[in-house]
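Quick notes on the structure that follows.
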Amino acid sequence: MTLVTFHASVLGTAGTLLLVMAGAGLFVAAYRWRLSTAGLVFWLTASAYVFAVLSMYMGQTAINNAHSLPSTWWNNRFAVTAMPLYLVAAALAVDRVFARFPARAARAVLAGMLLVATVLQVNWWANGPIARAPVLAEAQMSRDSTRYSTAAARWLSEHYDGGSVLIDESARGNSVVPLLGIDISQIYLRASGDLFDQALANPAAHARWILLNVEEEGSAINSGPVDLVDQALIRLPSVRAQYHTVYSSPTHAVLQRND
């Protein structure tokens, strides 16, 4: 499954044309160079590719697409690690083909065929970019799944008039701290370490504002960590009573302390 998932992203990123050409180039390199100096330099371009596959297999990183479990979109950009090898291999294949046909007319025909194939490949992508390019599918999912958190952050930015903010920036959809436009010294987040733990234990004593993800754990859109701030307020209703909701959406809310 590791290889299928990874190479599904590679196919959507590189396209069939490049992979066919790269396959021919890999055959040529293996036949002509083997482990010579030129061959070793060539195979060195595969280092990032091999590292990415091994990291995925060993669980150090993850890629999600239509072929993974769960089936969602995540880290498909890692397919780019295969591009140095495939691009150099494809260039080698083209060079070898052109070398066998030195006549100018023959090369013109070959170049025309390559151009037509490239146009067909681009047209295939253009007729279904979201369905056929995993990176674009992931980008659309990210945009759709963070529209509410983005709106909440912008609301807080526009209405902020002082005081500290408590937010679990590691929770699903909460990577919106730059949108707040608030000095980082006024924000309690996981990166604050012990200060975040203290604010989590007693929010009212530390934060005037709270921005939190209120999705239920396991909901369809929530594929990331749950919001620690939301969980703390659920466990401590007396603390929640010290705040009132000033902005809400299906997934996010902004709370203000009852000063």
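The values are calculated or read from the model by the stated rules, or taken from the named source; none is laboratory data. A quick note: this is a predicted structure, and the numbers were derived from the prediction, not measured. Because the Cβ atoms are built from the backbone with ideal geometry, glycine has one as well, and the counts that use them run over all protein chains shown. For the accessible areas, the whole protein counts, side chains as well, though only heavy atoms, and no ligand, DNA or RNA atoms are used. Shrake-Rupley method; radii C 1.70, N 1.55, O 1.52, S 1.80 Å.
Accessible area per residue (1.4 Å probe, heavy atoms of protein chains only) ranks 132, 208 as 132, 208, with the largest value leading.
Overall, the accessible surface of the chain at a probe of 1.4 angstrom is composed of carbon and sulfur to the extent of 64 percent. Comparing mean-square fluctuations of 168, 183, 227 from a GNM of the chain with C-alpha springs under 10 Å, the top value falls on 183.
Considering only the chain, what is the antiparallel percent among its DSSP beta bridges, to the nearest 5? Here the antiparallel bridges make up roughly 70 percent for the chain.
Within the set (1) 48; (2) 64; (3) 55, the number that percent of Cα pairs over 23 Å apart takes when calculated for this structure is listed as (2).
Rounded to the nearest 0.05, what FRET efficiency do residue 87 and residue 249 have when you use their Cβ-Cβ distance and R0 = 41 Å? Don't skip to the answer; put the middle values down first.
Working: r = 43 Å, r/R0 = 1.06.
So, using R0 = 41 Å, E works out to roughly 0.40.
Normalised by the number of residues in the chain, the mean separation of alpha-carbon contacts (under 8 Å, six or more apart) gives a relative contact order of 16 percent.
What does the charge add up to near residue 27, with Lys and Arg as +1, Asp and Glu as -1, over the other residues with Cβ less than 13 Å from its Cβ?
On the way: positive: 32, 34, 96; negative: none.
Once positives and negatives cancel, what remains is +3.
Farthest towards the positive end of the charge dipole of the chain, among the residues 19, 187, 66, is the Cα of 19, using unit charges on the Cβ of Lys, Arg, Asp and Glu. Charge dipole of the chain (Cα centre as origin; +1 on each Lys and Arg Cβ, -1 on each Asp and Glu Cβ, all else neutral): 1540 debye, rounded to the nearest 20.
How much net charge surrounds residue 182 when only other residues with a Cβ under 15 Å from its Cβ are counted (Lys, Arg +1; Asp, Glu -1)? The partial results should precede the final answer.
Working: positive: 154, 208; negative: 158, 161, 169, 183.
Once positives and negatives cancel, what remains is -2.
Looking at the stretch 110-259 alone, DSSP beta bridges between its own residues are antiparallel in about 65 percent of cases.
Would you calculate a helix-derived [θ] at 222 nm for the chain, using -39,500 (n - 2.57) for each DSSP H run of n ≥ 4 and dividing by the full residue count, to the nearest 500?
Rounded to the nearest 500, it is -16500 deg cm²/dmol.
With every protein chain left in place, what is the accessible area per residue of the chain in square angstrom, probe 1.4 Å? Mind dumping the intermediate values first?
Working: 14360 Å² over 259 residues.
Value returned for the chain: 55 Å² of accessible area per residue.
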